[in-house]
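Novice: Can you keep this structure in mind? I'll have questions shortly.
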Amino acid sequence: MDEEKELLDEISSDPYDASDKPFGFIEEGIETALICEYDSSIRAKIVDDLKKEGYYITEASSAREALKSMRFHVYQLVVVNEVYETSDPGSNVVIQSLNRLPISIRRNIFVVLISSMFRTMDNMAAFNRSVNIIINEENIDDFGAIVKHGLADNEAFYHVFRETLRNTGHI
């Protein structure tokens, strides 16, 4: 636990380094995704599906790299394996970092948890883990369709909320 906190504190206190920025210039309306998956075959499937949908992608090679990328860019989609650089899913530093974001920022990030323990689209487990959707590794071939469905549900759920923010000038 202390090791994860030290990593989060270290990343947040690092001086600015332009090379840590994941992208140079991105046109308005282009969506970005951060992939935190250690299994190369699963990662390749995820990247392929997201590229087909037009996402600009950052593939983090470590939790440290993921945290540095998130420091300078708010991704619309973050895909993280529950045991990414940890043996305890409860101490995943990428998830912990996302959970510490202000709600105004976090609500605009769709987080996908890749799991071997939970069933795909288990809403209670997703709520408990503070992610938007869970995809079991066994269903990775359907990743694109599942994420598309989850994003549509998320948009429908927050539509009125976001519309109210726009109408009151908060967005």
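Novice: Relative contact order of the stretch 73-139: what whole-number percent is it, with Cα pairs under 8 angstrom and at least 6 residues apart?
Specialist: For the stretch 73-139, the relative contact order is 31 percent.
Novice: Roughly how many Å² is the accessible area per residue of the stretch 54-114, as a whole number, for a 1.4 Å probe? Working shown, then result.
Specialist: Values: 2400 Å² over 61 residues.
That works out to 39 Å² for each residue.
Novice: How do 49-55, 106-112, 156-162 rank on mean C-beta neighbours within 10 Å, highest first? Could the numbers behind the result be given before it?
Specialist: Working: 49-55: 14.9, 106-112: 18.1, 156-162: 10.7.
Packing order, densest peptide first, comes out as 106-112, 49-55, 156-162.
Novice: Take the alpha-carbon centre of the stretch 38-91, take the same for the stretch 108-169, and report the distance between them in whole Å.
Specialist: The two parts, judged by their Cα centres, are 15 Å apart.
Novice: 5 Å is the cut-off here: which amide hydrogens, built 1.01 Å from N in the peptide plane, fall below it relative to THR32, excluding neighbours closer than 5 in sequence?
Specialist: TYR56, GLN76, LEU77
Novice: So, one more: Within 13 Å, Cβ to Cβ, of LEU50, how many net charges do the neighbouring residues add up to if Lys/Arg are +1 and Asp/Glu are -1?
Specialist: Numbers: positive: ARG43, LYS45, LYS51, LYS52, LYS148; negative: GLU31, GLU37, ASP48, ASP49, GLU53, GLU59.
Once positives and negatives cancel, what remains is -1.
Novice: What shape does the stretch 67-163 take by its C-alpha gyration tensor, where a ≥ b ≥ c are the square roots of the eigenvalues and a/c under 1.5 counts as rounded, a/b above b/c as prolate, and the rest as oblate? Let's see the in-between values first.
Specialist: Details: a/c = 1.70, a/b = 1.08, b/c = 1.58.
Oblate, since a/c reaches 1.5 and b/c is not below a/b.
Novice: Using a Förster radius of 35 Å, what is the FRET efficiency between ALA152 and ASN128 based on their Cβ-Cβ separation? Nearest 0.05, please.
Specialist: Details: r = 22 Å, r/R0 = 0.64.
After rounding, the FRET efficiency stands at 0.95.
Novice: Show me, for the stretch 43-51, the HN-Hα J-couplings you get by feeding each phi into the Karplus relation (A = 6.51, B = -1.76, C = 1.60, θ = phi - 60°), rounded to Hz, glycine and proline as x.
Specialist: Result, ordered by residue: 4, 4, 5, 4, 4, 4, 5, 6, 5 Hz.
Novice: Continuing with the same structure: Check ILE133: other-chain or 5+ apart residues with amide H under 5 Å from its amide H, H built from backbone geometry?
Specialist: It is VAL111, LEU113, by chain and number.
Novice: Further question: Under the Karplus relation 6.51 cos²θ - 1.76 cosθ + 1.60, θ = phi - 60°, what is the ordered set of whole-Hz ³J(HN,Hα) values for the stretch 110-122, x standing for Gly and Pro?
Specialist: 9, 9, 10, 9, 8, 9, 9, 9, 9, 6, 4, 6, 7
Novice: Can you give me the distance in nm between label points at MET117 and THR168, each placed 7 Å from the Cα along the Cα-to-Cβ direction?
Specialist: The answer from the label model is 3.7 nm.
The values are calculated or read from the model by the stated rules, or taken from the named source; none is laboratory data. Quick caveat: nothing in here was measured; it's all calculated off a predicted structure. Please note: Cβ atoms are built from the backbone with ideal geometry, for glycine as well, and neighbour counts cover all protein chains shown. Ligands, DNA and RNA are stripped out before the accessible areas are found, and what is left, the full protein with its side chains, is counted by its heavy atoms. Shrake-Rupley method; radii C 1.70, N 1.55, O 1.52, S 1.80 Å.
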